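Chemist: Take this structure first; my questions come after.
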Amino acid sequence: MTASDLLTGLDPEQRAAASAVAGPVCILAGAGTGKTRTITHRVAHQIASGVAHADQVLAVTFTDRAAGELRERIAALGVGRVRAATFHAAAWAQLRHFWREWRNEPLPEVLDQPLRLLIPLGQRAGLLGRDLAAEISWAKARTLDPAGYAESGRSAPVEPETVAELYEAYERQKREQGLIDYDDMLTLCTRLLTERRDIAAQVRDRYQFFTVDEVQDTNPAQWDLLSAWLGDRDDLCVVGDDDQSIYSFTGATPRYLTGFTERFPHAQVVRLERNYRSTPQVLTTAGRVLGAQGKTLRPTLGDGPDPTLLPADDADEELALLVRRIERLREEGVPPAEIAVAYRINSQSQTIEEALRRAGIAYTVRGDVGFFARREIRQAVAALAEEQGRVGSVREDPPPPVEARPAGGPRPDRFVERVLGRRMGWHPKRAPEGETALERWRNLSALAALATRRTAEEPTLSVDRLVAELEQRVREGDGAPEPAEVEAVTLLTLHKAKGLEFEAVHLVAVEEGLIPISHARDDPDQVEEERRLLYVGCTRARRYLSLSWAQQREGPKGKPSRRRPSRFLDPLLDTRTRSAPDAREPRPRTARSDEGRRPHERGPADGDDEALVGALREWRRTRAHEDGVPAYVVCTDATLREVAARRPRTS
Ligand code: ATP
Ligand code: MG
């Protein structure tokens, strides 16, 4: 593709951002407006136009998987492979490279189970290891040492001074054992670049163009590192959406996004308003969840079905509704990979998994570790490399004629299948019992599926080259998109859903206590973060959006308790909110610190029309149910117009 080809397929504002190849650029825009797409094209354009060499670009994203996707998307635009990584992966790579030169001692080992140290430390103060871990991690994200933490005014489960002491002890133990944790990677890398001008010069010579996606969730430790990479240069493009800031509980802050022009006064700021992802109905619903402070999003897609709210009597019924919902979507022709089920906390996945397994619905749970970082995948790739030398012996199995490749040699996909069978005990049709075994089998199946896809798409692909590609991915340690997901429904937490999109999204247990999560309930800032989290969930849907909750659910001790739908659903459940702005109409943007009350806190809207409300109830009763279970259909303005047209005349 030529440089100008890379700008077609972008709208004028996106194009302005993508063609601003040098200097500071900030894209501040709402969900689904094409931010990620724009930076993909921008990087490709930087390279194709000759401004940057592929090696000089560093694109930073929030997960290994997102990095893998970004790298592949840029490669797909035909400009070669650029480095796309998380802050951690990039920092660790630089530390590994320069450690000896810097410290003249062996590279420290990474403590990947900090709880090993933190649980016993926490016990001293009656603090759970994981709570202590969260506090220390927060402190490091904010670049606070133990003394700084003690003074931070942070409200922790125990006295801040006590946490500070344990933090100090943890640091000491790590030092004594020659260990560093993940958070240390960022601060150490920043220190390396600050202390050693010569090394900083080398790193800055290598990376000259920087891009950061989802910058609203950057923390001070990451920003310091980015600043160290930049030095006094400013070839930086940041993109993000403060309406989607969902990680401030970990120490992240949207201020680097919203305050970008304070740091770079001459920055080009681009705002995108056209949404290319979701139907107007989905956007209206998401907009109501967020309330009046949200950014304007103008839909470009045509109408779709109204989003559905599914109240269930109890958790079992909710799962039954979910299964039916998925079956219906399948009947409508939505492929499994285009269906996502999102929830607030990891542990919620277990009952959902159980229900889907019983219903025979294939699913995959999005985990934290990138695909190629998983143990069985590393083992399998190592086995492939060993067997590769013995390719002849593999070829000895009588190869049917279809196996012949235009370039000669055995088919890479058959080779992978055989090695997985022989060395890993994997069989494509024999899924084992048990959680861990099944997970391992799914991962290996995914690897086999990847080999099949690569073999099909590239007729000249050889075993050697496929194995080399896989080894490369393992070395990079950062995951590419998981191949097997093409056939499975995705289960994931709302946090993990960030940046993704699906044709259909179902949000489960949209209840008080889960969203907002119980421990956030008393802090207005945290409640707002929870609201944005639900907004992120809703804006993942292209066409089908449904939300469910149970009126009763068993607590941790098995005792059933009454549940209330999330307060964030009030604007959807309340017919009076028909005065809420429609996503189609441009709305004036108001400041985040808006004094106005949220829609759910509002009293009855002026001019409440009881006849309309009655008609709407009736409409719901007759029209809105899913297989006999009463459901609400979210009232978009189109629905309301329809109801209004049918309502009984009152005179
Ligand atoms: P999020 O805030 O959720 O991260 P985003 O702003 O990064 O969203 P993208 O994921 O880049 O949005 O784009 C959303 C969808 O819209 C994608 O499917 C993308 O391909 C599509 N899209 C973006 N821009 C255009 C365009 N100019 N024309 C057609 N489709 C587009
Ligand atoms: Mg994005």
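Every number here is computed from the coordinates shown, using simple stated rules; none is lab data. Since we're looking at a predicted model, the values are computed, not measured. All Cβ positions, even for glycine, are placed from backbone atoms using ideal geometry, and neighbour counts span all protein chains on display.
Chemist: Name the lysines eligible as straight-distance cross-link partners of LYS559: C-alpha to C-alpha under 19 Å, and not fewer than 8 places from it in the same chain.
Modeler: Straight-line reach from LYS559, under 19 Å: no lysines qualify.
Chemist: Taking amide H positions as placed 1.01 Å from N in the peptide plane, with prolines and chain starts having none, which residues 5 or more places from ILE27, or on another chain, fall under 5 Å of its amide H?
Modeler: For ILE27, whose amide H was placed from the backbone, the distant partners under 5 Å are VAL238, VAL239, GLY240, VAL270.
Chemist: Which of PHE372, PHE249, PHE260 has the fewest other C-beta atoms within 10 Å, and how do the rest follow up to the most?
Modeler: Exposure proxy ranking, most exposed first: PHE249, PHE260, PHE372.
Chemist: Compute the relative contact order of region 109-177 as a whole-number percentage, counting only Cα pairs closer than 8 Å that sit 6 or more residues apart in sequence.
Modeler: Taking the mean separation of contacting Cα pairs over the length of region 109-177, I get 29 percent.
Chemist: Can you give the extra length, in nm with one decimal, that the chain gains between TYR182 and LEU115 once fully stretched, where that is 0.36 nm per residue apart less the Cα-Cα distance? Working shown, then result.
Modeler: Numbers: separation 67, 0.36 × 67 = 24.12 nm, distance 1.26 nm.
Here the answer is 22.9 nm.
Chemist: Could I ask something else about it? Over what distance in Å are the Cα centres of region 132-150 and region 163-203 separated?
Modeler: Here the two parts' Cα centres lie 13 Å apart.
Chemist: Grab every C-alpha pair in region 109-177, bin the distances at 5 angstrom width from 0 up to the longest one, and report whole percents.
Modeler: All Cα pairs, binned at 5 Å, distribute as 4, 18, 33, 27, 15, 3, 0 percent.
Chemist: With a cut-off of 8 Å between alpha carbons and a minimum separation of six or more residues, what is the relative contact order of region 156-255 in percent?
Modeler: Working: 81 pairs, mean separation 26.9, N = 100.
Once normalised by length, the contact order is 27 percent.
Chemist: If you don't mind, another one. Points 7 angstrom from Cα along the Cβ direction at GLN123 and HIS427: gap in nanometres?
Modeler: About 4.5 nm, to one decimal.
Chemist: Return the lysines within reach of LYS429: Cα separation strictly under 30 angstrom, same-chain partners fewer than 8 residues apart disregarded; answer none if there are no such residues.
Modeler: Partners within reach: LYS496.
Chemist: Continuing with the same structure: Which cross-chain or sequence-distant (5 or more) residues have an amide H under 5 Å from the amide H of ASN275, H modelled 1.01 Å from N in plane?
Modeler: ARG298, THR300
Chemist: Taking amide H positions as placed 1.01 Å from N in the peptide plane, with prolines and chain starts having none, which residues 5 or more places from ARG83, or on another chain, fall under 5 Å of its amide H?
Modeler: For ARG83, whose amide H was placed from the backbone, the distant partners under 5 Å are VAL57, ALA59.
Chemist: Ordered by residue, what ³J(HN,Hα) values in Hz, to whole numbers, does region 183-197 give under the Karplus form 6.51 cos²θ - 1.76 cosθ + 1.60, where θ = phi - 60° and Gly and Pro are x?
Modeler: Karplus-based 3J(HN,Hα) across region 183-197 equals 5, 4, 4, 5, 5, 5, 5, 4, 5, 3, 6, 7, 6, 10, 4 Hz.
Chemist: For the cross-link pairs LYS295/LYS498; LYS35/LYS498; LYS140/LYS498, which exceed 19 Å when the distance is taken from alpha carbon to alpha carbon? Write out the running numbers ahead of the final one.
Modeler: Values: LYS295/LYS498 17 Å; LYS35/LYS498 13 Å; LYS140/LYS498 23 Å.
Listed pairs above 19 Å: LYS140/LYS498.
Chemist: Which three extents, in angstrom, do the Cα atoms of region 514-569 have along their principal axes, listed largest first?
Modeler: 37, 29, 16
Chemist: Only counting other Cβ atoms within 10 Å, I'd like ASP241, ASP522 sorted with the fewest neighbours first.
Modeler: Ascending number of Cβ neighbours within 10 Å: ASP522, ASP241.
Chemist: For LEU230 and PHE249 in the same chain, what is the full-extension length gain: residue separation times 0.36 nm, less their Cα-Cα distance, in nm?
Modeler: Numbers: separation 19, 0.36 × 19 = 6.84 nm, distance 2.70 nm.
That works out to 4.1 nm of additional length.
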